[in-house]
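The structure under discussion appears below in the form of structure tokens.
The values are calculated or read from the model by the stated rules, or taken from the named source; none is laboratory data. The structure displayed is predicted, hence computed values, not measured ones. Reconstructed Cβ throughout: ideal geometry from the backbone, glycine too, with neighbour counts over all protein chains shown. The accessibility values were calculated without ligands, DNA or RNA, using every heavy atom of the protein model including side chains. Shrake-Rupley method; radii C 1.70, N 1.55, O 1.52, S 1.80 Å.
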Amino acid sequence: MLRIESAQPQDVDELKEILTACGLPLEGVIDRGDTRDASDTIATRGPLDRFVVALADAGDRRALIGCAGLEVHGTACILRSLAVRPEMRGRGVARLLIEEILRRARDAGCSQAFLLTTSIEAMAARHGFTRIDRAEVPAELLATSEFALNACSTATVMQRVLRSHP
């Protein structure tokens, strides 16, 4: 059984592992100010609050198989850090993550979603995203750390208009 839920502090190490395995940057996932307490858990959550994770049944432990993040900037948002463990691809995990992130974006009042990609353009297109020029991106998004990352400087920019109902 697969479920999508909000990321928890104990997910940090597995999130980093999944993102690294998928060749995605770690910047912006955990604030530099985040620290670990004596029990080795994240003391402050920072950007982790904006992440959802895909979990597979694994008895009494959380088995992360994917993740996605959301950055809301007024009525626009960035879908970021969409990653699924390579061995779990082709099972609809990315689709569920995208659907949940877009639902949360609509709930937050967003009317348009953007993403940067070097590898999932065809999949994003199947989910209603279209390729656009960087010049079409709202200035407040261009000023974000996501758009400023070196890893994203040559990425394709895609946009989807969000409706109140999916």
| message | Using a 1.4 Å probe on the protein heavy atoms, what percent of the accessible area of the chain belongs to carbon and sulfur? | response | 49 percent
| field | Per-residue SASA entry for PHE129, accessible area with 1.4 Å probe, Å² rounded to 10 | value | 10 Å²
| field | Nearest-ten-degree value, helix 12-21 long axis tilted from longest Cα axis of the chain | value | 60 degrees
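Report, in deg cm²/dmol and to the nearest 500, the calculated mean residue ellipticity at 222 nm for the chain, where each DSSP H run with n ≥ 4 adds -39500 (n - 2.57) and the sum is divided by the residue count.
Estimated from H runs of four or more residues: -6000 deg cm²/dmol.
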| Counting only the heavy atoms of the protein chains, how much of MET123 is accessible to a 1.4 Å probe, in Å² to the nearest 10? | 40 Å²
| query | Taking the structure as given and computing Rg and Dmax of the Cα atoms in Å, which label from (1) 15.5, 48; (2) 19.3, 66; (3) 15.5, 43 fits? | reply | (1)
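Can you give the Kirkwood hydrodynamic radius for region 127-166, in Å, rounded to one decimal and based on Cα pairs?
Across region 127-166, the inverse of the average 1/r is 11.4 Å.
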| request: Can you tell me the 0 to 90 degree angle between the C-alpha axis of helix 93-107 and the longest principal axis of the chain, rounded to 10? | output: 70 degrees
| note | For region 110-166, the per residue accessible area (1.4 Å probe, Å²) is 58 Å²
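Going by a ≥ b ≥ c, the root eigenvalues of the Cα gyration tensor, does region 68-159 fall in the rounded group (a/c under 1.5), the prolate group (a/b larger than b/c) or the oblate group? Could the numbers behind the result be given before it?
Values: a/c = 1.75, a/b = 1.28, b/c = 1.37.
Because a/c hits 1.5 or more and a/b fails to exceed b/c, region 68-159 counts as oblate.
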| Where no second cysteine Cβ lies under 4.7 Å, the cysteines concerned in the chain | CYS22, CYS67, CYS152
